[in-house]
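The values are calculated or read from the model by the stated rules, or taken from the named source; none is laboratory data. Since the structure is predicted, the reported quantities are computational estimates derived from the model, not experimental observations. FYI the Cβ positions are ideal-geometry reconstructions off the backbone, even for glycines, and counts take in every protein chain you see. These accessible areas exclude ligands, DNA and RNA; they are computed on the full protein's heavy atoms, side chains included. Shrake-Rupley method; radii C 1.70, N 1.55, O 1.52, S 1.80 Å.
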There are 2 protein chains.
Amino acid sequence: MEISRENQPPHQVVIIGGGFGGLHAAKALAKAPVNVTLIDKRNFHLFQPLLYQVATGNLSPADISSPLRSVLSKSQNTQVLLGSVNDIDPQGQKVILENEAIPYDTLIVATGAKHSYFGKDDWEEFAPGLKTVEDAIAMRSRIFTAFEAAERETDAEKRRAWLTFVIVGGGPTGVELAGAIAELAYQTLKADFRNIDTSETRILLLEGLDRILPPFAPELSQTAEKSLKELGVLVQTKTLVTNIENDIVTIKQGDSVREIAAKTILWAAGVKASPMGKVLAESTGVELDRAGRVIVESDLSIKGHGNIFVIGDLANFSHQDGKPLPGVAPVAKQEGEYVANLIAEKLQGNTLSPFNYKNHGSLAIIGQKLAVVDLGFMKLKGFFAWIFWLFVHAYFLIEFDNKLKVIIQWVWNYITHNRSARLITVYESPTKLEDNPSYYSSTSSRQPVKV
Amino acid sequence: MEISRENQPPHQVVIIGGGFGGLHAAKALAKAPVNVTLIDKRNFHLFQPLLYQVATGNLSPADISSPLRSVLSKSQNTQVLLGSVNDIDPQGQKVILENEAIPYDTLIVATGAKHSYFGKDDWEEFAPGLKTVEDAIAMRSRIFTAFEAAERETDAEKRRAWLTFVIVGGGPTGVELAGAIAELAYQTLKADFRNIDTSETRILLLEGLDRILPPFAPELSQTAEKSLKELGVLVQTKTLVTNIENDIVTIKQGDSVREIAAKTILWAAGVKASPMGKVLAESTGVELDRAGRVIVESDLSIKGHGNIFVIGDLANFSHQDGKPLPGVAPVAKQEGEYVANLIAEKLQGNTLSPFNYKNHGSLAIIGQKLAVVDLGFMKLKGFFAWIFWLFVHAYFLIEFDNKLKVIIQWVWNYITHNRSARLITVYESPTKLEDNPSYYSSTSSRQPVKV
């Protein structure tokens, strides 16, 4: 399995991050004459577009995760490394981990984004976001604990606060969460409680702009809003959140300010780049945008460092129409494949024309059998959009892994209104290899590489 | 949905614990003229016999869990309460929770067992056991982290310790864990690593007695041992563990004492009763056995308290052949159904003959397509035993929930040698409602009932 190093060592590609960008880059390099090392803090790829289904008890984390090693097990030139990157040394061409340094000829940084509270970081405690498996499990516990607590609460006002769910942000994640919680409260859990009537649940979806799903065509935003209202969701557009404290959301609608008592406040309002952006800025001098994303060149490399590429949610690519490309899976995928292709071509002395994103459309699901799809040339809504959404997601899930059972699980749930993954459990914060209790007990004999 | 209380309040049955015993009691009382309150710390029933499949990345926690509320949603006389019981007041006939007291006419205590280190509680840190979902997730993380750490380890001796798995205890759980880890190391993960050869993994199964699976017939123990050896497991009988420290297991075989360096040590050696046994002893004066189990009368009630029943792993029922019944699901199930039946009969002025356990046999799975089944009148081994095992487990899983996808997942995994739930994540310690971050923010207005 060792690549021959007899004459010239093969070109070393290091990829940081096993999300859509990094994983697609690695897969596209499988046949190239290079050695690939993919570094990730986690041992699995996460299908983030379905994370809201974990948060609402419909799927298990493993249903939307694929072990990186099994996805890449057939790529003989590729090594997966579980570890955290602390720094990058562009002069020495090394990636610095906690106890070793990995040399690279070409580096691809694809560490993604995390949710952002627009500078109000103290809101996070009260209004958790949804980016990791742990986030989803924590959100799931909050949602189901709220119903349990309401069942035991005798004070009417407090019970009302337990049965009030506020979702901040009317983008796809907010819309999908609101729809799923509405189905839970008004259908799935209806018969399960004895002291409360779950149909009294209030679900508020708050959006600052004048319509939900702003990236979609206005008519689809309208359809989505109508459908959510029919599901029982209280959609509030032109609504700014001015404060979040323990169990209280303060909102501003025009000139009127009011407080909403809610025990469950969920954040779906914004993202910022992962900290690796800062690391790159400090080590290479590259410019970041206001969201912390790395401004990339037209070939996705960074200025002055033609062998460092940034892709996916961490990249700000504005060469197409002046606006940065959105932080969605298809962008990351196409960028990963482009960079892989570019590396292979360069090794043969060729060049490639600049990266060009092909937008195949936007999708959002509103509830059972309801979705909106904007393909640009065609707009779908309702049941057919939902079927389309189902097939697209099933197709992309199956790409990395055989998630046959996820599709069966979906169909089953949609028929039975079931929520089988309704477990109230709590995950710790994201885990690194070093967090394993027995890991530190080994004082590794491996010497840190001098850099 | 309220039971009429016009003339006489209905008989109140409180059940503590939603395991096999408690849940079967509740279900059997669904048609009885009583009100039932089932109290559990968790919002789901756990199918413990398959927990080892979660620990080895084969199933997700939700696959073997059923939300208590959905299992009991059709039992209109039954209320589920998420909470922890702190005390029992047999004089006032009340169960004391953290902020309220629940009155009962009849009490069924079914809080089960947890693993025991025979007084060596400091071993737990190094050799975790397998009783809860959190245990399984922690074990899963340890197992998969060990391979990851071995992949990054350059020191041969340390790498060997990472690739050494010691399982203490040769009962069904130990046998099942050893078989599943052997399949992981020698089949599933074979192609996934680049620096290590997972076939060098050593898996030791340690048993103090002279054969594994002591509850089975000797010939089945022999078959199981032979099958495990063929899978690559090093079975060591007549082997006592005298010490467990960080990464070192000390064993005694006859007069020889030796140390095994192993980064992953798993405990499958013994259980003791849950702390509710002590609570009962202190409040009612009932006698406990050495394992902390409650000595019960021939009708499963406790001495001097005919309206308090103890069932399942917490009970020591020795009226059948002088030996306590084993702590397995079928015993708990039959005990739960007996007590439910007894309560219903008593309300009509009837009595029942003493409880009598019908042993339908023992089952253990050794590996893919291999199991041993001891039905008393018939012994099965090999592939047919495995098929039998699969059907029995599928049948019992389906009893509470429609776990169609679990069966599909199994068949799929057994065909593909896949381990889809290979996520390295960490759960916190078992969660109670009160652990929810927003729970304490509500100073409940409900007054504690004076007792």
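Residue check: A:G306 meets all listed conditions (1) open to solvent by less than 50 Å² (accessible area, probe 1.4 Å); (2) modelled with pLDDT under 95; (3) in a strand (DSSP E or B); (4) not hydrophobic (A, V, I, L, M, F, W, C) but one, namely (2). Checked against (1) at pLDDT 65 or above; (2) under 20 Å from A:T223 (Cβ atoms); (3) surrounded by 15 or more Cβ atoms within 10 Å (Cβ to Cβ), A:L347 meets all criteria but (2). Within the span defined as the range A:43-66, every residue fails to be open to solvent by 10 Å² or more (accessible area, probe 1.4 Å), in contact (Cβ under 8 Å) with a residue 12 or more places away in the chain, farther than 30 Å from A:I167 by Cβ and outside any loop (DSSP other than H, G, I, E, B). Inspect the range A:156-170 for any residue being closer than 21 Å to A:G22 by Cβ, in contact (Cβ under 8 Å) with a residue 12 or more places away in the chain and of a type in the set (V, I, T) and give the result as yes or no. Within the range A:156-170, not a single residue is closer than 21 Å to A:G22 by Cβ, in contact (Cβ under 8 Å) with a residue 12 or more places away in the chain and of a type in the set (V, I, T). Within the range A:49-74, the set of residues being closer than 27 Å to A:K31 by Cα and either of a type outside the set (G, A, S) or more than 8 Å from every other protein chain (Cβ to nearest Cβ) (or both) comprises A:I64, A:P67, A:L68, A:R69, A:V71, A:L72, A:K74. Assess whether B:I365 counts as being open to solvent by less than 60 Å² (accessible area, probe 1.4 Å) and not in a helix (DSSP H, G or I). Considered against the rule, which asks whether it is open to solvent by less than 60 Å² (accessible area, probe 1.4 Å) and not in a helix (DSSP H, G or I), B:I365 comes out as yes.
How about the range A:222-297: which strands (runs of 3 or more DSSP E) wholly inside it have at least 2 residues that are within 24 Å of A:A371 (Cα to Cα) and under 25 Å from the mean Cα position of the chain (by Cα)? In the range A:222-297, the matching strands (runs of 3 or more DSSP E) lie at A:233-236, A:264-267.
All but one of (1) open to solvent by less than 10 Å² (accessible area, probe 1.4 Å); (2) farther than 14 Å from A:I15 by Cβ hold for A:A26, so report the exception by its number. Against the list (1) open to solvent by less than 10 Å² (accessible area, probe 1.4 Å); (2) farther than 14 Å from A:I15 by Cβ, A:A26 comes up short only on (2). Residues considered: A:E245, A:E230, A:E259. Of these, the only one that is surrounded by fewer than 21 Cβ atoms within 10 Å (Cβ to Cβ) and closer than 22 Å to A:A180 by Cβ is A:E230.
Sort out which residues of the range A:168-191 are more than 12 Å from chain B (Cβ to nearest Cβ), outside any helix (DSSP H, G or I) and among the small types (G, A, S), and write them in order of number. Answer for the range A:168-191, where residues must be more than 12 Å from chain B (Cβ to nearest Cβ), outside any helix (DSSP H, G or I) and among the small types (G, A, S): A:G169, A:G170, A:G171. Considering each of A:T111, A:T106 in turn, give the residue that is open to solvent by 40 Å² or more (accessible area, probe 1.4 Å), within 25 Å of B:R152 (Cα to Cα) and out of contact with any His (no Cβ under 6 Å at 6 or more places or on another chain). The match here is A:T111. Restricted to the range B:309-337, and to residues there that are among the polar types (S, T, N, Q) and not in a strand (DSSP E or B), the residue that is most open to solvent (accessible area, probe 1.4 Å) is B:Q320. If you go through the range A:72-121, how many residues are closer than 19 Å to A:V36 by Cβ and basic (K, R)? Total meeting the criteria: 2.
Within the range A:67-78, being surrounded by fewer than 20 Cβ atoms within 10 Å (Cβ to Cβ) and without any contact (Cβ under 8 Å) to a residue 60 or more places away in the chain holds for A:S73, A:K74, A:S75.
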